[in-house]
Protein chains: 2
Amino acid sequence: MKKKGKRCRLKVIIKQALSFLLHSITKDWWSMKVTIYDVAKEAGVSISTVSRVINNTGRISDKTRKKVLKVMEALHYQPSMVASALTGKRTRTIGLIIPDVANPFFAEIARKVEDRGRELGFNLLMCNTDNNAETEEMYLSLLKQKSVDGIIIGTTTKNYTVLNELLQAQFPIAFIAQDIPELAINVVKVDDFLGGYQAVSHLVSLGHKKIAIMLGNLNRTSDKDRLHAYQQVLKESDLEYDENLIVYTDYSMEDGKRAARELLTSSQRPTAIFACFDSLAVGIYQAAKELGVSIPEDLSVVGFDNTILSTIVDPPLTTVAQPIDEMGRQVVDLIIKEIDGEKHIKQRIVLPPELVIRQSTKRL
Amino acid sequence: MKKKGKRCRLKVIIKQALSFLLHSITKDWWSMKVTIYDVAKEAGVSISTVSRVINNTGRISDKTRKKVLKVMEALHYQPSMVASALTGKRTRTIGLIIPDVANPFFAEIARKVEDRGRELGFNLLMCNTDNNAETEEMYLSLLKQKSVDGIIIGTTTKNYTVLNELLQAQFPIAFIAQDIPELAINVVKVDDFLGGYQAVSHLVSLGHKKIAIMLGNLNRTSDKDRLHAYQQVLKESDLEYDENLIVYTDYSMEDGKRAARELLTSSQRPTAIFACFDSLAVGIYQAAKELGVSIPEDLSVVGFDNTILSTIVDPPLTTVAQPIDEMGRQVVDLIIKEIDGEKHIKQRIVLPPELVIRQSTKRL
DNA sequence: ATTGTTAGAGTAAGCGCTTTCTCTAATAAA
DNA sequence: TTTATTAGAGAAAGCGCTTACTCTAACAAT
């Protein structure tokens, strides 16, 4: 009575007083959290035995196991993951840091990641940062505080400090659609160079000579790679490289629209644009419509991502497909492999893109 | 040495041996999880004192507080939320159950909910169920096991059993864009009847007489309300009510497309369709395009939601706007109020919709 | 000078589990 | 029959924190 003092007070007294009812009552009407102690007492065994049947570890006689299981069911017992997390087990939760779920590309990624996570018994803590470094840093350390088992990052991190700390702490981290070449990290991404190459080649093969490229900032390796591809195709095709046709913007529709408006009204109006994200491409559609430029007659557009957007716009957008399904699946597998710690080696998985030709591009 | 046996072993020995370095070293290179004990020892106080400065409770002299804070910083100490959750404090995590983040409507909701949650210091555990009852039930109990502080539901639950259990257990729950009229629960939603009324009235005012409605299943109160509005407008306008113009489907683009194809090729082809979700409307656009039916010339379409989709399609979609921002904000506020337990009264918050007229509707 | 307060800080129990030991009884080996 | 094993289960420590309670020294009141 002294030892487990508090535990022995009101709660237990009531439980005991009513325990005779427990066998016949299946509904958890009383809803006082039932713990492993309650199960143990009710089953007449020790908590360690109960723990063993929960985790299916150690040796237990079949009779005991059955008895405990029955009681667990009768009491509607559900082990507290908080408690088990405290004693060293995983939280079975992973953090997902992305710029913005409202952006279809990331929404689709989030969906796939969650799906795979669920299959493997992990939940997703979703964090939107708008690529804001502070928010990102906040989340990074918050997630650690919450003891998530790992973090999947899809944002343009520049938080090398925090990141390095986590990395050094052996904290499981994996990047999706995003890379930091100078770090030994887990990455799953599409082959951006190849994707860019396919996109621009396609345009060139259609006879376009004045091809613009619209991209985010160069901190993103993916953007950089796509730009390099663009440059290389131009060079290989002996096309003139015009600085004015390189447009830096952000990643939203509005950004694309703004940039496109400028581009389309300039004296150097291109006949084709390679937009590094579908969302930018949509912005281009809108600007074009405003300006009476018709796609693909007056302007060919190639996007990147192959999100749902590309099938919705009119005309359907020719775009470079990222294997979002596969990517989502693989990051999760990657990070869980690291979580399980089976002498995991950090690796980069680069998946092939696929040019999906629809109706936004036309021979000149 | 016996009392805190394990705690006093290798880890602490190493820590002590190296403690003289701690003042000068700011990087957490050694990355052994630093606990409240380390801070206490380093600061020369008891853990309860450290706890007090962390939580800013009880009385502490300024001198002590400063000292402790300094050590916390030096050691890069971050309290474990798992541990504090076990001792009765909140996990500061709420669960969000929706059908599918890849659906723009829910993606936008998820975003707003997360934003407000972040402002208030809560994280979001995201769960996609595809409206599958089993998945939903699984999540419901999993979230409880993970001790989330509350659950926001945006799916068409039929899990009255589990739900009732949670409700009876006083577990904080709030619904968004979704209601179960026969239960006393927290709900934030748009006025579906009014929205439907606006949509159909608009169509009627444009001279349409053969108006179809496309909706999900009637388990959703929202769909039911919109249908009732449809019926009421028809009645008020003395228009013929034709069962064949009521189309039940699901909520995805594909569903909309399929249903629209049928509707548009039937002998009873309507001149206007009220789609209960933007996604369905987009499906209609696609079917219409396939069939050479032009919008709005041959067919007027009104959507519902006002997601990003409605501005992307061509022509821009006339739709009933849900105040997603406000809704997201309010559910979070609602549920947090219940979490904080300030004698919270369950309530339904019904927000006004707004008909946004774009170019998908035309006078007959 | 004596007693009463109280500010400031420490002690220790407890949260609900996991896990290492330890112990007992039953079975196998001698 | 005696001893060695071992299957099965309990005891107890510990995870990192919160908090009720206790204690002490300093100051105020008498």
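Name the residue, out of A:Val302, A:Val282, that is buried (at least 19 other Cβ atoms within 10 Å of the Cβ), within 12 Å of chain B (Cβ to nearest Cβ) and out of contact with any Asp or Glu (no Cβ under 9 Å at 6 or more places or on another chain).
A:Val282
Is it the case, given these coordinates, that B:Lys112 is within 21 Å of A:Asn103 (Cα to Cα) and in contact with a helix residue (DSSP H, G or I) (Cβ under 6 Å, 6 or more places away or on another chain)?
Working: within 21 Å of A:Asn103 (Cα to Cα): yes; in contact with a helix residue (DSSP H, G or I) (Cβ under 6 Å, 6 or more places away or on another chain): yes.
Yes.
If you scan segment A:43-53, which residues turn out to be assigned to a helix (DSSP H, G or I) and more than 15 Å from A:Gln78 (Cα to Cα)?
Matches in segment A:43-53: A:Ala43, A:Ser48, A:Thr49.
Taking segment A:145-181 only, how many residues are within 13 Å of another protein chain (Cβ to nearest Cβ), β-branched (Val, Ile, Thr) and touching a Ser or Thr at 6+ places or on another chain (Cβ under 7 Å)?
Residues flagged as within 13 Å of another protein chain (Cβ to nearest Cβ), β-branched (Val, Ile, Thr) and touching a Ser or Thr at 6+ places or on another chain (Cβ under 7 Å) within segment A:145-181 amount to 2.
Looking at segment B:80-171, what helices (runs of 4 or more DSSP H) fall wholly within it and have at least 2 residues that are small (Gly, Ala, Ser)?
B:81-86, B:104-119, B:133-145
How many of the residues making up segment B:316-364 are free of Cβ contacts under 8 Å to residues at least 12 places away in the same chain and either closer than 30 Å to B:Ile211 by Cα or not assigned by TED's automatic domain parsing to the domain that holds B:Leu203 (or both)?
Final tally of qualifying residues: 0.
Scanning segment A:50-86 for residues that are over 28 Å from B:Glu165 (Cα atoms) and within 9 Å of DNA strand D (Cβ to nearest atom), which turns out nearest to the other protein chains (Cβ to nearest Cβ)?
That would be A:Gly58.
Would you pick out the residues in segment B:51-89 that are within 29 Å of A:Leu125 (Cα to Cα) and near DNA strand C (Cβ under 8 Å from one of its atoms)?
Matches in segment B:51-89: B:Ser51, B:Arg52, B:Ala83, B:Leu86, B:Thr87, B:Gly88.
Residue pairs, Cβ under 7 Å, 6 or more apart or interchain, first in segment A:72-90 and on the phi > 0 side of the Ramachandran plot, second in a loop (DSSP other than H, G, I, E, B) and within 8 Å of DNA strand C (Cβ to nearest atom). List them.
Filtered contacts from segment A:72-90: A:His76/A:Val34.
Kindly establish whether B:Val293 is modelled with pLDDT of 95 or more and surrounded by 19 or more Cβ atoms within 10 Å (Cβ to Cβ).
It is false that B:Val293 is modelled with pLDDT of 95 or more and surrounded by 19 or more Cβ atoms within 10 Å (Cβ to Cβ).
Is it the case that segment B:90-97 has a residue that's more than 9 Å from chain A (Cβ to nearest Cβ), within 30 Å of B:Gly303 (Cα to Cα) and either in contact with a helix residue (DSSP H, G or I) (Cβ under 6 Å, 6 or more places away or on another chain) or within 16 Å of DNA strand C (Cβ to nearest atom) (or both)?
Yes, because at least one residue in segment B:90-97 is more than 9 Å from chain A (Cβ to nearest Cβ), within 30 Å of B:Gly303 (Cα to Cα) and either in contact with a helix residue (DSSP H, G or I) (Cβ under 6 Å, 6 or more places away or on another chain) or within 16 Å of DNA strand C (Cβ to nearest atom) (or both).
Looking at segment B:295-338, which of its residues are of a type in the set (Val, Ile, Thr) and over 16 Å from B:Thr361 (Cα atoms)?
B:Thr307, B:Ile308, B:Ile324, B:Val331, B:Val332, B:Ile335, B:Ile336
The values are calculated or read from the model by the stated rules, or taken from the named source; none is laboratory data. Just so we're clear, the structure is a prediction, and the values are computed from it rather than from any experiment. So basically every Cβ, Gly included, is an ideal-geometry build from the backbone, and we count neighbours across all protein chains shown.
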